[in-house]
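What follows is one structure encoded as structure tokens, with my remarks underneath.
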Amino acid sequence: MAELADTVGIRGPSLYYHFKDKADILRALADIGLHQSLRESDFLRRDQGHSAPARLYHLMYESVVRLKTAPYEMSVLFDPAFRTEQFRDVYQRVTVWMDDLESIIADGIESEDFLPHDPPTAAYTIRGMVQTAIPQTGLKTTFDARTLADYVSSFALRALLREQARLPKIRKEVSELRRTKAIRSEVAEDEVPAPAPGRARER
């Protein structure tokens, strides 16, 4: 708490003027971390104009960069403490992100771009790889954020792709996807996807 207060330039007790307790602060931090991630995963899940490998690469890449460059410790998003009733809303949003990830993997298997892995298992494995980007608790590396993001995303795709030689072409497709996404973001900058009925499920 003292470190957080120092970071924003106020006294520790003043935090409670804005937040009722520590749990409230954690929810606020989680919301910041999840806001863009959920917009992104929702867009990529629904995007049928690009291949599943390109969508998965983009989702992983942006997630790693976001975790690696975050100004605060993002491991709270993966903390088992969020699986309690007190943080049910946060855990449901993390579950929605996982469902989007799993859906993209399933699309890749259906299109035969990916080997026939079990989508939930693959999604959890990829989540673990993304978590390595958290500086405080993850992989100790001298890689900058974008180098690490490309390394992790490429590693995952090599494990999933039927044809690993396609990776350079997939990277080119990701560049086009980013341009498309940037155009759409200008139109829907304030859209924040809420968990749709039936999408958020207990894991």
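The values are calculated or read from the model by the stated rules, or taken from the named source; none is laboratory data. The model shown is predicted, which means the values in this text are computed figures rather than measured ones. All Cβ positions, even for glycine, are placed from backbone atoms using ideal geometry, and neighbour counts span all protein chains on display.
Worth pointing out:
- Annotation note: of Ala133, Ala52, Ala106, the sole residue that is on the phi < 0 side of the Ramachandran plot and without any contact (Cβ under 8 Å) to a residue 60 or more places away in the chain is Ala106.
- Out of Leu56, Leu38, sole residue that is closer than 22 Å to Lys169 by Cβ and either assigned to a helix (DSSP H, G or I) or among the small types (Gly, Ala, Ser) (or both): Leu56
- Assessment of segment 179-197 against the conditions (in contact with a helix residue (DSSP H, G or I) (Cβ under 6 Å, 6 or more places away or on another chain), outside any loop (DSSP other than H, G, I, E, B) and modelled with pLDDT of 85 or more) yields no matching residue.
- Flag for Glu176 being over 19 Å from the mean Cα position of the chain (by Cα), modelled with pLDDT under 90 and either among the basic types (Lys, Arg) or in a helix (DSSP H, G or I) (or both): no
- Selected residue (criterion: surrounded by the fewest Cβ atoms within 10 Å (Cβ to Cβ)) from residues of segment 160-180 that are within 26 Å of Gln131 (Cβ to Cβ) and touching a strand residue (DSSP E or B) at 6+ places or on another chain (Cβ under 9 Å): Leu167
- Scope segment 107-147; condition of a type in the set (Ser, Thr, Tyr) and at pLDDT below 90; matching residues: Thr132, Thr137, Thr141, Thr142
- Residues (among the small types (Gly, Ala, Ser), under 16 Å from Gly49 (Cα atoms) and touching a strand residue (DSSP E or B) at 6+ places or on another chain (Cβ under 9 Å)) located in segment 107-131: Gly108
- On the stretch given as segment 21-68, residues that are under 12 Å from Lys181 (Cβ atoms) and among the aliphatic types (A, V, I, L, M) total 3.
- Considering segment 33-54, the residues that are of a type in the set (Gly, Ala, Ser) and at pLDDT 90 or above include one that is farthest from Phe155 (Cα to Cα), namely Gly49.
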